[in-house]
1. Report the one residue of A:461, B:223, A:218 whose Cα lies farthest in the direction of the positive end of the charge dipole of the protein assembly as shown (charges on C-beta: Lys and Arg +1, Asp and Glu -1; origin at the Cα centre).
2. Would you mind getting the accessible area per residue of chain A, heavy atoms of the protein chains only, 1.4 Å probe, in Å²?
3. Can you find, among A:451, A:178, A:92, the residue sitting farthest towards the positive end of the charge dipole of chain A, where Lys and Arg contribute +1 and Asp and Glu -1 at Cβ?
4. Using unit Cβ charges (K, R positive; D, E negative) and no other charged atoms, how large, in debye to the nearest 20, is the dipole of the range B:38-318 about its Cα centre?
5. Probe radius 1.4 Å, ligands and nucleic acids ignored: give me the carbon and sulfur share of the accessible area of the range A:251-483 as a rounded percent.
6. Take the Cβ-Cβ distance between residue A:120 and residue A:269 as r, set R0 to 45 Å, and report the resulting FRET efficiency rounded to the nearest 0.05.
7. Using DSSP to define loop residues, name the chymotrypsin sites (Phe, Trp or Tyr not before Pro) in the range B:109-176 whose beta-carbon has at most 12 other beta-carbon atoms within 10 Å.
8. Tally up the carbon and sulfur contribution to the accessible surface of the range A:3-232 as a whole percent, 1.4 Å probe, everything protein left in place.
Amino acid sequence: MKVELIHIHKHFGAVHANNDINLTVESGKIQGILGENGAGKSTLMKILSGYIQADSGEIRLDGTPVKISSPSDAIRMGIGMLHQDPLDFPPMRVVDNLLIGQDGGLFPNRREVVRAFNELQSQFGFSIDPYAYVDTLTVGERQQLEILRLLWLGARVLILDEPTTGISASQKEKLFETLRKLAAQGMSVIFVSHKLEDVEFLCDRIAVFRKGELVGEVDPPYVTDELVKLMFGRVISLEEKRRYETCDVSFHLDHVTIEDYRLQIRDINLTVSCGEVIGLAGMEGSGQVQFLRTCAGLIRPVAGEINLGGRRLTGKPYRAFLEAGIAYVPASRMEEGLIPGLSLTEHFILAEEQNGFFINFDKALATTRQRIEDFNIKGTPVSTVESLSGGNQQRALLAMLRQPVNLLLLEHPTRGLDIESAIWIWGKLKERCKQGTSIIFTSADLEEILQYSDRILVFYGGKVSPPLDAESTTVEQLGQLIGGKGF
Amino acid sequence: MTMMKTSSRWSGIGFQALAVLLALAFTTVVMLISGADPLQVYQNIITGALGSPTKVDDILVAWTPLLLATAGLLLTFTAGLWNIGIEGQITLGAIFTTWALRVLQPTDLPPTLIVAVGFLAGALGGMFWAGLVGLLKIFGNVNEIFGGLGLNFVATALTIWLIFGPWKRPGVGSMSGTEPFPLELWLPTLPGFRLSPLALAMGIIAIAIVYILLRGTYFGLRLKAVGRNGRAAFLMGIPTTRYMLMAFLLCGLMAGLAGATQVLAVYHRLIPSISSGYGFLGMMVAMLVNYQALWAAPVALFFAALNIGSIQLPIVLKLDSSLSGVLQGSLVLFVLLMDGVRRRLTRS
Ligand SMILES: Nc1ncnc2c1ncn2[C@@H]1O[C@H](COP(=O)(O)OP(=O)(O)OP(=O)(O)O)[C@@H](O)[C@H]1O
Ligand SMILES: [Mg+2]
């Protein structure tokens, strides 16, 4: 279906999030949308999919002007959207998830639905158990499920907002294959991302957004530098890799075994020195998250010892880890990291050490202004966190970290950030390393892991590789290990 | 930015006003259906509430426990908890106060001290019952709504048992309650009125404290965080279960004090429905003011006035006095409804 967006404007208070956007997506094409954090990409997509309304402008589908005033309107007209932050999934089975939103009478025919679902997913080579509970699926599987659900509801335009963050390389390949197949069937696909290589690889055409405006459209063959220049208004390059001297031993895992209902990771031994960065690689759900959460004191290992600078933490509650200077930043920002309804100022107050009984709001406001400036957050002290763009939420989360931290545990620290911000965030993190903070982080991006880690642990099906020296490891080697070769 | 803030505030007030009108219209329809003349009814409610100094006195007497209950509930609501058990907590406060008074009455302690101990006991009683709800929720995984509901029934049963059993009046127990306490154990009132300034002051102080707590303290902000996203709050290092328990205990404390004032300042004995529904009424007030402490006091006063104003309806117009309940309930419903509508319309 052909989609035309004509003279779209959207304001949020003083922010002009979409400024006179004109965009046409032909049917059967994959349209890429590129732009830095807060450029207005999600806003435009939310307008198209009925989550918010434009202040002015027109939307045409196959040439007919339409008014889309709710997500259900949108899906009725054939527009389906996969969100940047996956909405909360209730603990229900896959089939029931499909049955919702479909008007099939009071007593739907489950068996029929399962049959049709399996037929549909086999077209794309997905293998989701229709009877599995949705909350046990990986991010990649949920995404596949969401695509199937939208197709099921009759979507002919598919919008994906940052779909490649948090999924494994093979899931990404499958996703791209699926999107190509859908485009070949005449669907329009709109693909929003920061990742240049993904967009370049997949899209038939790329529109670049900057500060609320559509600053250019590019056709293949793409020139990366040109795209970067359009995105940021200048050329930027990756920072040279620098190493920091390590000091005395800090964080120890000694014969640690972790178990949960999905997997068991046995006998992990690791010593992390001050200022060292350890990257955790592996397919999603291979145990990295369990490992990080064990280091954070959120999961109790079934065997082994954990200590930090000689202080025994084994079996201690989460708070003791926190007090020892271990900080954990979860990947699901809105579910686990931030508190909807509270402002940035309130978040920074919560993150600070309590000082007296009453809050000193003037001081808090000053700190918040400082942090907003330091971390380049697009928002004001009174902005609620849900009004920030995805990337700015991530910045806020990182800005909330307390000052002296011994060990930082980061789940996908640059997920949703554009390259410039990612480089900049890592600059901030490396500054902390210089002051002696160690970092353990997960990422789905192998380049990022190789670029910023000193050593790398690869996870595969509950097994952990011995630490690899990042300097002497290549992407290919890492890729093979992640795929299970060499274990 | 500020422009937007004020304009959204004005639209908010507009919607609230619309909600009040709708609630009045709805109540009017109910009156018409039940064959009453709405004008006459409203007029009666107004004269019933403000017609004489005694009526105003009655309103203030009703306002006191309502303020205390609302103050407590603002804390539990902020922590994301539905403290349905507040009724039972008020009742337990009354029971504990009565108990303390019964025990100390025969001693020759000064009456002022006995009354003070009575308040203390009431507060403890409310905290005890609220603490149970909290513990059941935190350690027993029993939702506070079910726990509270269950404990409300137990509290009622306990009252009845006490009145007709161990604490029954000499001779035969009756629904009119236990033997009244002697005059010196009554909380002093304004001469010629029923209002005890001390009790009223307590209610006002309670709501003021809650306002300050929620407005300007770490405690209040953390409570908010716990209520809005417990998981994130926990990861930030806020001991969430402790905060939930504290919210319950503080709410129980205030509910218990409400129960104590009912005994010490109003009924001077334990009666079967000593809580008089002020707990549930407090829930409505808290919902109506959207959990903002600032508005709680005037709205509570208005609700108290409605309650008092409708008392004479049965006598004068042969209508049930629950009409005020219809108005109160529909107010809450329409305000919530209009809030939803506003959000839909201005969703950005
Ligand atoms: N509900 C809202 N209320 C107020 N401001 C908002 C709201 N949603 C978005 N904005 C603002 O609009 C601008 C564009 O946000 P948008 O989410 O479209 O960015 P984006 O391009 O998707 O960025 P990212 O890559 O970080 O996800 C940002 O400055 C953001 O703070
Ligand atoms: Mg976005």
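1. Positive-end residue among those listed: B:223.
2. It amounts to 43 Å² per residue over chain A.
3. Projecting each Cα onto the dipole axis, the largest value belongs to A:92.
4. Numbers: 14 positive and 7 negative charges, 117 e Å.
Computed charge dipole of the range B:38-318: roughly 560 debye.
5. 49
6. The computed FRET efficiency comes out at 0.45.
7. Answer in residue order: no site qualifies.
8. For the range A:3-232, the apolar C and S fraction of the accessible surface comes to 51 percent.
The values are calculated or read from the model by the stated rules, or taken from the named source; none is laboratory data. All figures in this text were calculated on a predicted structure; none of them were measured in a lab. Note that we place each Cβ from the backbone using ideal geometry, even for glycine, and neighbour counts take in every protein chain shown. Note: areas computed on protein heavy atoms with side chains; ligands, DNA, RNA excluded. Shrake-Rupley method; radii C 1.70, N 1.55, O 1.52, S 1.80 Å.
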